Amino acid sequence: MTQRTTDRLSSETARRDAFLAAYRSMLYGRVFDDKLASLYRAGKIVGGVYLGRGQEAYSAALAHQLRPGRDVYAPLIRDQAGRHAFGESLLDAARTFLGSASGPMRGRDGNIHRGDPQNGTLAMISHLGAMLSVVSGALLARRLRGELDDCVGAACIGDGGTSTGSFHEAVNAAAVEKLPLVIAVANNQFAYSTPNERQFACDNLVQRAAGYGVEGHTVDATDLAACLEVFEHAVARARAGNGPQLVVGNLLRLAGHGEHDDAPYITDAHRKAPYAGDCNVLARDTIVHSGWLSEAELADLQTQAQQEVDAATATAQQEAAPDPATQSWVALFTTHLAEGEAEP
Amino acid sequence: MSITYLEAIREAQDRALAEDPAVFIYGQDVAEFGGAFKATRGLCDKYPGRVMNAPISEDAMVGTAIGAAIEGMRPIVEMQFADFSSVGLNQIINQAATLHWRTGTPCPITVRLPSGGTPGSGPFHSQSMEALYAHYPGIIVLCPATVEDAYGMLLEAVAIDDPVIFCEHKYLYYHLKAEQLPDESLPVGRARIARAGQHATVVAYSAMVHEALLAADQLRQDGYEIEVIDLRSVKPLDTDSVLASVARTGRLLAVGEAFPWGGATAEVVSRVASEGFHLLDAPPQRLNAKDTPIPYHPNLWSVHRPTAGSIAAALHDLLRL
Ligand SMILES: Cc1ncc(C[n+]2csc(CCOP(=O)(O)OP(=O)(O)O)c2C)c(N)n1
């Protein structure tokens, strides 16, 4: 074999491995989301349930480029697949939806509002746009301490979230500081019921990159290979010191805003548009057509995901709920400065 | 026919739009979709062009409303949740609240805040923000506790030539029903005796009025008649009605769902202490939420905020003082 053939083959292997690894997270994300939907319908989940259906490829492809323990990640409401790719345990995800006291949020916060900030996964607040500058701050701290090295931070946001002042301020400030911030905008055409036309007036949100003086990229977010490629490139650019990267992926939200919403405003025209493909179905087709996995192997993977998800939710359901009587009702770290009730 | 608190809010906006062409509604998902809670359902079709979807830009939503108000319009801004009004805070407290005082130009905007806790809503979809807004001069803050007030006070809010923060309680949206809408209601700034009594006064507003009424039912079984005052409006605060009640009962418990530091209950206690000290037979008491963010889990949430049970316990303590 010539050197060129060897290179081509190894890069093809790498591509296949990345594809399969990301697909695995997409599948786990989808199976977990489906499980949540059925638990919600059965009245087993208090509060909202928001699904990432249709966004798995985009979400997993970003997180696939991140290094748990090194990079900073701020997932949002439709990033079950990405959280999985970044190493979140299914049990911790299930615990947060099911209100287990053993979960990372201990029942104090729920559903998608979860994370482990000291280990690089920020716990979103609901206020859209607010997480971006916090990722910047984590990167800035590392730079100040001389530990930035080739770290990146990634912040996820929706089309609607780009309309916030917080988004604008954060992207601009990160650009001024030339921070390695990757902003992943998932344009799923709607913000709750509001379509793109009522959200922004540019043709493509990536046009804003020029205004901020940052590099911009667009991708068909239904296409896993394309998502892997765009994030590989954008993350590499950020790591190499080229400043913030604004990535815009186009897709359709294949669910209601939350499970309480049957989304009557999503019309047939949207469902037939090119962005409306189901990334999980398309990725699976690619795997089969490329001969990377057999139907039987894919079925096994599906079964394994289902079993792990079922086990995680079953465990979380059996765990104790938070007990108000033994709860510490102190919001401060500096407990002796807290007013009101002391530790129980 | 029965009408819910939420329907009353929709009906009030319908009537405001019908009666005054200067009224329009601006907020996220308020048009065809009718809003996250359906408080504007059908209004966009009925009043074409006057019920507009906003981008997720609370600062711009409020700023736009203020600009329109300067031009003589009477905008209603819907926040999707009260909690997100924090993003529009600057425009409300620095622009809207100061406009008339600085320039003599009135600022008739109404900002609707779907407020308060419901099980499972967590730290960012549960807040009661009335105290924050009431702190600033130049703002009126209303907290209706009944279907009738949700309707009448919202109509009045839109008619008032000043910024009004309209705190509507999400827990009451579906739980409260009335037979019909009122023809007239008490004016803004006047409290209401929700239940007459002689042994102690509970001053409350919004959803806490109903918890207080339940607590009063419990205390009646022990032979106590509790007077429950529904403030209706947090600012202006009807100090006279509160003092008159305390003059009858000699004991005061102020109850609010908001955080304990400062706030409406502190204001009530402070006014009674300074203006009605001689009326008191016992130290005036307050009961509020705990001093932590609002928890997600219903087990924690139901202990975090005052309930009929904790109000009843606080009343028993007060009656022993
Ligand atoms: C500042 C702010 N305002 C309003 C909301 C209420 N809200 C929650 S999700 C949502 C729509 C978000 O749309 P988008 O950013 O496009 O994300 P998607 O849900 O489509 O993934 C809105 C308006 C919020 N969370 N934060």
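Numbers at a glance
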item: Residue list for segment B:63-91, restricted to those being within 16 Å of the ligand (Cβ to nearest atom) and more than 14 Å from every other protein chain (Cβ to nearest Cβ); result: B:A65, B:V77
item: Residue in segment B:45-62 that is nearest to the ligand (Cβ to nearest atom), counting only those that are assigned to a helix (DSSP H, G or I) and more than 11 Å from every other protein chain (Cβ to nearest Cβ); result: B:V62
item: For B:V234: the one exception among (1) open to solvent by 30 Å² or more (accessible area, probe 1.4 Å); (2) touching a strand residue (DSSP E or B) at 6+ places or on another chain (Cβ under 6 Å); (3) farther than 16 Å from B:Q285 by Cβ; result: (1)
item: Matching option when the condition is surrounded by fewer than 24 Cβ atoms within 10 Å (Cβ to Cβ), away from the ligand (no atom under 16 Å from the Cβ) and in the same structural domain as B:H316 (by TED's automatic domain parsing), among B:H199, B:H135; result: B:H199
item: Residue in segment A:106-114 that is open to solvent by less than 10 Å² (accessible area, probe 1.4 Å) and away from chain B (no Cβ under 14 Å) present; result: no
item: Identity of the residue in segment A:64-73, in a loop (DSSP other than H, G, I, E, B) and closer than 16 Å to A:Y23 by Cα, that ends up most open to solvent (accessible area, probe 1.4 Å); result: A:Q65
item: Which listed residue is away from the ligand (no atom under 16 Å from the Cβ), of a type outside the set (S, T, Y), within 14 Å of chain B (Cβ to nearest Cβ) and open to solvent by less than 30 Å² (accessible area, probe 1.4 Å), from A:L76, A:L90, A:L27, A:L39; result: A:L39
item: Residue in segment A:133-148 that is nearest to the other protein chains (Cβ to nearest Cβ), counting only those that are hydrophobic (A, V, I, L, M, F, W, C) and away from the ligand (no atom under 15 Å from the Cβ); result: A:V135
item: Residue tally, condition of a type in the set (V, I, T) and over 16 Å from the mean Cα position of the chain (by Cα), over segment A:226-268; result: 2
item: Number of positions in segment B:7-38 that are closer than 23 Å to B:D161 by Cα and more than 13 Å from the ligand (Cβ to nearest atom); result: 19
item: Failed criterion for A:L337 (all others in (1) exposed (fewer than 11 other Cβ atoms within 10 Å of the Cβ); (2) facing chain B (nearest Cβ under 8 Å); (3) hydrophobic (A, V, I, L, M, F, W, C) hold); result: (2)
item: Top-ranked residue of segment A:116-132 - restricted to ones that are in contact with a Lys or Arg (Cβ under 9 Å, 6 or more places away or on another chain) and more than 11 Å from the ligand (Cβ to nearest atom), ranked as nearest to B:H125 (Cα to Cα); result: A:A123
item: Filtered residues of segment A:207-225 (kept if open to solvent by less than 30 Å² (accessible area, probe 1.4 Å) and within 19 Å of the chain's Cα centre (by Cα)); result: A:H217, A:V219, A:A221, A:T222, A:L224
item: Single condition A:E56 does not satisfy, out of (1) open to solvent by 10 Å² or more (accessible area, probe 1.4 Å); (2) touching a residue at least 24 places away in the same chain (Cβ under 8 Å); result: (1)
item: Residue satisfying condition, being in contact with a Ser or Thr (Cβ under 8 Å, 6 or more places away or on another chain) and of a type in the set (S, T, N, Q), within set A:T164, A:T121, A:T96; result: A:T164
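Matching residues to (1) more than 14 Å from every other protein chain (Cβ to nearest Cβ); (2) on the phi < 0 side of the Ramachandran plot; (3) polar (S, T, N, Q); (4) away from the ligand (no atom under 16 Å from the Cβ):
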| site | (1), (2), (3), (4) |
| --- | --- |
| A:Q207 | yes, yes, yes, yes |
| A:A210 | yes, yes, no, yes |
| A:G216 | yes, yes, no, yes |
| A:G243 | yes, no, no, yes |
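Yes/no matrix, rows are residues, columns are (1) open to solvent by 10 Å² or more (accessible area, probe 1.4 Å); (2) at the interface with another protein chain (Cβ under 10 Å from one of its Cβ atoms):
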{"residue": "A:D150", "(1), (2)": "yes, no"}
{"residue": "A:E169", "(1), (2)": "yes, no"}
{"residue": "A:K178", "(1), (2)": "yes, no"}
{"residue": "A:I183", "(1), (2)": "no, no"}
{"residue": "A:A191", "(1), (2)": "yes, yes"}
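The values are calculated or read from the model by the stated rules, or taken from the named source; none is laboratory data. The structure presented is a predicted model; accordingly, all values stated were derived computationally and were not measured. In this analysis, Cβ positions are derived from the backbone assuming ideal geometry, glycine residues included, and neighbour counts consider all displayed protein chains. Accessible surface areas use protein heavy atoms only, side chains included; no ligands, DNA or RNA. Shrake-Rupley method; radii C 1.70, N 1.55, O 1.52, S 1.80 Å.
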